[in-house]
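**Student:** One structure is given below, represented as structure tokens, and several questions about it will come after.
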Amino acid sequence: MSFEYNDDVLKKIQNIELEMLKEVDRICRKYSIVYELDGGTLLGAVRYGGFIPWDDDIDIRMLRKDYDRFCDVCQDEFGDKYFLQTYHTDPEYRWGYGRVLKNNTEYCRADHEMINSRNGIFLDIFPCDNMPEKGVQKQIYNFRCYIARKIGYSVVGAIYEKNYAKRMVYRVLSLIPIKVAANEFDRLASKYNNKQTKYVRTPGWHWKQESKGYLRSWLTEYKEIKFEDMVAYAPKDTDGFLRYMYGDDYMTPPPENERNPQHTATMIDFGEE
């Protein structure tokens, strides 16, 4: 299916993602699993009561214990409609966080055509792990996260990185089996799981604040918030969380020329009969 990334296509993507969020919310409430809207999804809920009009994805966060519980129960709940994608359920998947895919859809991201993992319209789930609060231990932990992520990204960077030297490094990293990165993500997840650390992070994600860490309380103290035609979970200190992520002026939209979807795709199939 060829397409133009226009308002109609964006609305169809948002509708499917909203459908997936409702299913995730249903499962989480059924099994007392805590999740929270994250990033631009939370920002959209606060600023617009739903999607940022030009946003093309949904992000949620969970503490590792909730993420593991969700992974245990969701596939039986999903049936044939959705698929939980992780490096455990899809050996070709290269990222250190989970996704819910809608079966019988396709979403081929531009510049990722060399990746052989399953694809489809998706919702991202970021598992948050305990991390050191400061010092050399924190630096080492973050460096290990960085290297594991770069191994995952290497097949893309080996082709599309513009800097020649970095492209050569990615080509070397691309020779490392993705299983090596997956095993490292598992080790990072368990490294401090017996400690009640003040900060947590997603080892497989690279947002600018990730290496600093997020307050655990942002993922344990939560409230309900309107998102489109449903009610979802959000950090109780929504203002503090969004200020940390985006700065004090997070309610100010960007200039009109920057109001574009975050992802580009070469092909989308909505799976409609």
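**Student:** Sorted by accessible area with a 1.4 angstrom probe, largest first, how do THR220, THR105 fall? Before the final figure, lay out each step's value.
**Tutor:** Details: THR220 65, THR105 10 Å².
Output order, biggest surface exposure first: THR220, THR105.
**Student:** Roughly how many nanometres apart are two label points built 7 Å out from the Cα toward the Cβ at ALA110 and GLU133?
**Tutor:** 4.5
**Student:** Stick to the Cα atoms of the range 161-273, pair each with every other, and give me the Kirkwood hydrodynamic radius in Å at one decimal. Intermediate results must be reported in sequence, preceding the final value.
**Tutor:** On the way: mean 1/r = 0.0538 Å⁻¹.
This gives a value of 18.6 Å.
**Student:** Let me have the relative contact order for the range 36-130, percent, based on Cα pairs under 8 Å that are six or more residues apart. Show your work: numbers first, answer last.
**Tutor:** Details: 141 pairs, mean separation 27.3, N = 95.
Here the relative contact order equals 29 percent.
**Student:** Taking H placed 1.01 Å from N in the peptide plane, check which residues at least 5 places from TYR222 or on another chain put their amide H under 5 Å from its amide H.
**Tutor:** LYS236
**Student:** While we're here: Could you compute the FRET efficiency for GLU19 and THR266, with r as their C-beta to C-beta distance and R0 at 25 Å, rounded to 0.05?
**Tutor:** After rounding, the FRET efficiency stands at 0.60.
**Student:** So, one more: What is the range 173-219's relative contact order, in percent, from Cα pairs under 8 angstrom and six or more apart in sequence?
**Tutor:** Over the range 173-219, the number comes to 31 percent.
**Student:** Using Cα pairs under 8 angstrom and six or more residues apart, how large is the relative contact order of the range 44-193, in percent?
**Tutor:** Details: 194 pairs, mean separation 32.9, N = 150.
The normalised contact order for the range 44-193 reaches 22 percent.
**Student:** Same structure again: For the chain, give the magnitude of the charge dipole about the Cα centre (Cβ charges: +1 Lys/Arg, -1 Asp/Glu; no others), in debye to the nearest 20.
**Tutor:** Dipole size: approximately 1680 debye.
**Student:** What are the residues whose amide H is under 5 Å from the amide H of PHE51, where those residues sit 5 or more places off or on another chain and H is modelled from the backbone?
**Tutor:** Excluding prolines and chain starts, which carry no amide H, the hits are GLU228.
**Student:** If you take the beta carbon distance between TYR164 and ARG187 as r and set R0 to 30 Å, what does 1/(1 + (r/R0)^6) give as a FRET efficiency, to the nearest 0.05?
**Tutor:** Working: r = 32 Å, r/R0 = 1.08.
In this case the efficiency is close to 0.40.
**Student:** For HIS206, HIS263, what's the largest-to-smallest order of accessible area, 1.4 Å probe? Mind dumping the intermediate values first?
**Tutor:** Numbers: HIS206 115, HIS263 20 Å².
So the residues, ranked largest to smallest area, are HIS206, HIS263.
**Student:** Hey, can you rank 95-103, 226-234 by average C-beta count inside 10 Å, highest first?
**Tutor:** 95-103, 226-234
**Student:** What distance in nm separates the simple spin-label points at GLN75 and LYS195, each placed 7 Å from Cα in the Cβ direction?
**Tutor:** Roughly 3.3 nm, to one decimal.
**Student:** For the pairs LYS150/LYS208; LYS138/LYS208; LYS12/LYS212; LYS102/LYS208, note any where the Cα-Cα span goes beyond 25 Å.
**Tutor:** Those over the limit are LYS12/LYS212; LYS102/LYS208.
**Student:** Using Cα centres only, tell me the gap between the range 113-131 and the range 24-81 in whole Å.
**Tutor:** Value for the Cα centre distance between the two parts: 13 Å.
**Student:** Among MET131, MET245, MET62, which one moves the most in a GNM of the chain with springs linking Cα atoms closer than 10 Å?
**Tutor:** MET245
**Student:** Sticking with this one: For PHE126, what residues show an amide H to amide H distance below 5 Å, using hydrogens built from the backbone and excluding near sequence neighbours?
**Tutor:** ILE60, ARG61, MET62
**Student:** List the residue ranges in the chain for DSSP H helices whose C-alpha atoms run 27 angstrom or more along the long axis and whose Kyte-Doolittle average is -0.5 or above. Show your work: numbers first, answer last.
**Tutor:** Numbers: long enough: 7-30 (34 Å, -0.62); 135-160 (35 Å, 0.19).
Membrane-span-like by this rule: 135-160.
**Student:** In Å², what does the accessible area per residue of the range 28-173 work out to with a 1.4 Å probe?
**Tutor:** Numbers: 6390 Å² over 146 residues.
Per-residue accessible area for the range 28-173 comes out at 44 Å².
The values are calculated or read from the model by the stated rules, or taken from the named source; none is laboratory data. Because the structure is predicted, anything quoted here is derived from the model rather than measured. Here Cβ is always computed from backbone atoms with ideal geometry, including for glycine, and neighbour counts include all displayed protein chains. Accessible surface areas use protein heavy atoms only, side chains included; no ligands, DNA or RNA. Shrake-Rupley method; radii C 1.70, N 1.55, O 1.52, S 1.80 Å.
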